[in-house]
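Asks: The structure under discussion is supplied below as structure tokens; questions concerning it will follow.
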Amino acid sequence: RRWAARLGISDYTYVLELTSEKTLHGNYAEVHTDEDTREVTICVNRYRLTKEPEEVERTLIHELLHTRLNEYAECVVAIINGYVGNPKTKRVLGRQFERLEHKIVVALTDALLKRNMSCRSSSW
């Protein structure tokens, strides 16, 4: 709730599901955002996060950032689908955009956590 509020997405309804490693193909988590209903489901890999509990906050922030960027992502996909006719080009652009979005989310997650940690250790 705290991170959703900080990211300006506290108006969504959140569901957190603990999921098997097999279901998530070894990933920590994945997020599904429905802009129409304002519902977000975050599926978390129970096994990986039990083994690495220090990654829980990082993983949730990461997935919440994907939610924050979801409307932008949907817009990019709509543009690609609406203006690119070649199926191979659509796939290539789609993959490039997904990689770029992920890089941005990772960078923002790192920046938010570093800022949060420096605020905790600050004397003021």
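The values are calculated or read from the model by the stated rules, or taken from the named source; none is laboratory data. What you see is a predicted model; the values in this text were computed from it and never measured. Note that each Cβ is placed from the backbone with ideal geometry, even for glycine, and that neighbours are counted across all protein chains shown. Heavy atoms of the whole protein, side chains included, go into the accessibility calculation; ligands, DNA and RNA do not. Shrake-Rupley method; radii C 1.70, N 1.55, O 1.52, S 1.80 Å.
Asks: Rounded to the nearest 10 degrees, what's the angle between the helix 70-83 long axis and the longest principal axis of the chain, both from Cα atoms, 0 to 90?
Replies: Helix 70-83 sits roughly 10 degrees off the main axis of the chain.
Asks: Counting only other residues whose beta carbon sits under 14 Å from that of V15, what net charge do I get with K and R as +1, D and E as -1?
Replies: Here the count lands on -3.
Asks: Any idea what angle helix 87-121 forms with the longest principal axis of the chain, computed on alpha-carbon atoms, 0 to 90 degrees, nearest 10?
Replies: Between the helix axis and the principal axis of the chain, the angle is about 10 degrees.
Asks: Taking the Cα centre of segment 38-115 as the origin, how large is its charge dipole in debye, to the nearest 20, when only Lys and Arg (+1) and Asp and Glu (-1) carry charge on their Cβ atoms?
Replies: The dipole magnitude comes to about 320 debye.
Asks: Next up: Share of the chain's accessible area from carbon and sulfur, percent, 1.4 Å?
Replies: Accessible surface attributable to carbon and sulfur in the chain totals 55 percent.
Asks: Ranked from the most accessible area to the least, with a 1.4 Å probe and all protein chains present, what is the order of H102, H66, H25?
Replies: Largest to smallest exposure gives the sequence H25, H102, H66.
Asks: How many percent of DSSP beta bridges within the chain run antiparallel, rounded to 5?
Replies: The answer is about 45 percent antiparallel.
Asks: Hey, with R₀ at 30 Å, roughly what FRET efficiency would Y72 and T50 work out to, going by the Cβ-Cβ distance, to 0.05?
Replies: 0.35
Asks: OK, next. DSSP loop (so not H, G, I, E, B), at most 12 other Cβ within 10 Å: list which GluC sites (Glu not before Pro) in segment 18-124 pass both filters.
Replies: Those that pass, being in a loop and sparsely packed, are E35.
Asks: What's the longest bit of the chain with no exposed trypsin sites (Lys or Arg not before Pro), using DSSP loop states and at most 10 other Cβ atoms within 10 Å as the test?
Replies: By the stated rule (loop sites, at most 10 other Cβ atoms within 10 Å), 23-124.
Asks: Shifting gears a bit: Eight or more residues apart or on different chains, and alpha-carbon atoms under 26 Å: count the Lys pairs in the chain matching that.
Replies: Eligible lysine pairs with Cα atoms under 26 Å apart amount to 7.
Asks: To the nearest 10 degrees, how steeply does helix 56-68 sit against the main Cα axis of the chain, on a 0 to 90 scale?
Replies: Around 40 degrees separate the two axes.
Asks: Using the beta-carbon distance between D36 and R91 and R0 = 35 Å, what value does 1/(1 + (r/R0)^6) give for FRET efficiency, to the nearest 0.05?
Replies: 0.85
Asks: Between R58 and N81, 0.36 nm times their residue separation minus their Cα-Cα distance comes to what?
Replies: Extra length available between R58 and N81 comes to 5.1 nm.
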